[in-house]
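Each value in this text was obtained by applying a stated rule to the coordinates, not by laboratory testing. These numbers come from a predicted model, not from an experiment. Please note: Cβ atoms are built from the backbone with ideal geometry, for glycine as well, and neighbour counts cover all protein chains shown.
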Amino acid sequence: MFRKTTEGIFDLILPVFANDRAVGFVRVGISSLVYREQLGKVTTKAVLVGIVILLLGLLLSQILAAGIVQPISRLNTAVDELSRQNWKTPIPVQGNDELSRLATAFNRMATTLKQRETSLSQGNRDLFILHTTGLDLMETLDLPLLLDKIAARAEDLLKADTTTITAVNPATHQLEYLGGGGSRFAFLKAQASPVEAGGIFNWLSSYGTPLLIQDAATDFRMNEAEMQSAGIRSIMTSPLWSSNHMIAILTVVNKKGGDVFDKHDLRLFTVFSNLAGAALQNAFLYADLKRKMDELGTTQQQLIHSSKMAAIGELATNLAHEINNPLTSVLGYTSHLIKTLDVPDGSLQKLRLVEQETLRVRKIIRNLLDFSRQRASAMQPGDIRTPLRDTVTLLQGVAEHSSVRIREEYPASSVPVNMDKNELKQVFINIINNALQAMPQGGDLQIRVRTGPAEDAVIEFEDTGHGISQEHLEKIFEPFFSTKIDRDGTGLGLSISYRIIQNHGGRIEVESESGTGTLFRVVLPLYQHDGAILT
């Protein structure tokens, strides 16, 4: 039996048995005061330990919350920045837990999106530049201006240090520079032939596709010494096509900033080359059309002039025969009257004036007959300097009387042409006389003979006279046109000279402005025997 007797005292009573019979009781008394004091201490300690555990739990929960919430908050902020296209820096990652792996995956995704955005932005920029480039190039038909534009646009699009445009000269079959620009263009153009004239040109001719060379010094198609001396590191080159025909080669050399051209640059370069080729084809077609139009205009002018000459020649022949006979009678009777009649001085002066004017008319008639005669020229090969020197000797006295200095500049060797010497003398006399009359106060007449690039002889007469106005320049070869105010000219000298030079297979050119002197240029084909030019 267990009972509480007094405050803090507990009794434990147990019976005592002997032979299964209770013979007595054992009573044990236990005091709780000692244990109560110990229990209080234990309880106090337990409370304190509980508070400490609670505080540690709160601190640990804060640490755990910070380790979870802060990364999630940063991730949320980064997602928001990425959605507004303001994301710039990746999320810092520490550890290898689930949140760290999530942050790493987000960084990879954001970086990929950023790269694609940059690539799209760059692509849009490139497309815009290509679009404006195409419009700009197609608006230009002037070849020199177009070449400058192609070089400038290539430099801007590809950040190239130097741009060159080359083509094969059909006459020499050599690769020559048409245009370009950049720091190395002058150096490259000064070379005997373009740097890419060898292996690259053959490669482009064979394959017909753009070529990227990232290390020019080690490429098998290039010369290492030439590349190093020219300072060429990286090259892109592309053919420019016109109706399946390669008309030129566009090359860019060295990327600015020390980088090398890459495959992205090659793609842009390929598209740009197609645009440049189309624009260049249009410019070539326009230049060819313009040349043919000029040739057609020249042919029409020559046809009109020939028709005028033929009509005037026929008229002159008939008119000369009709007038010459009565004119001879008038001149004869007038001369007879002057010699035989005794008349006052006033009447004699009038008779002499009649005689003078009649002689002038007869001179015109003779010029008309010379103009109308289409006799065959006595063509023989000879040195053009011979009739020219004879003409200068003949007119030297007239030139000195007019205070005109004639200066001759002839080559040392013979200049052979197939010619009628007398007809060419007539041409030279007409031109030199016109020059002397254009310098009434004296001046200089420079006569030069040289051979031209097209296997022809060029004779130039350059005076320091009053020149010819532009309104008269196109008419000076027309029959009967004259600018001489003293009525001394018949207007047939240059027309006859023009016809003579045409019959010799040549041409007469004139350059002049009012007040600046005049340059007459006679161009005659050099005489050739069995395909060789005689000297």
Fill in: Residues residue 330 and residue 169, FRET efficiency given R0 of 56 Å [Cβ-Cβ distance, rounded to 0.05]
0.25
Worksheet, complete the sentence: Expressed in nanometres to one decimal, the distance between label points 7 Å along Cα→Cβ at residue 455 and residue 509 is 1.9
Worksheet item: When the chain is fully extended, how far beyond the present Cα-Cα distance does residue 341 get from residue 441, taking 0.36 nm per residue of separation?
Response: 31.9 nm
Practice prompt. Quick one: which residues, 5+ away or cross-chain, put their amide H under 5 Å from the amide H of residue 240? H built at 1.01 Å from N.
Written response: 247, 248, 249, 250
Practice prompt. List the equivalent ellipsoid semi-axes of region 133-284 in whole Å, largest first, each obtained as the square root of 5λ for an eigenvalue λ of the Cα gyration tensor.
Written response: 22, 17, 15
Discussion item. Can you give me the convex hull volume of the Cα atoms of region 217-348, divided per residue and expressed in Å³?
Written reply: 328
Worksheet item: Suppose R0 equals 35 Å; then what is the FRET efficiency for residue 266 and residue 288 from their Cβ-Cβ distance, rounded to the nearest 0.05?
Response: 0.65
Fill in: Rg followed by Dmax, in Å, when region 380-533 is reduced to its Cα trace
15.3, 51
Worksheet, complete the sentence: The set of residues whose placed amide H lies less than 5 Å from the amide H of residue 443, leaving out same-chain residues fewer than 5 positions away, is 404, 405
Fill in: Computed E for residue 108/residue 228 - FRET, C-beta separation, R0 45 angstrom, nearest 0.05
0.60
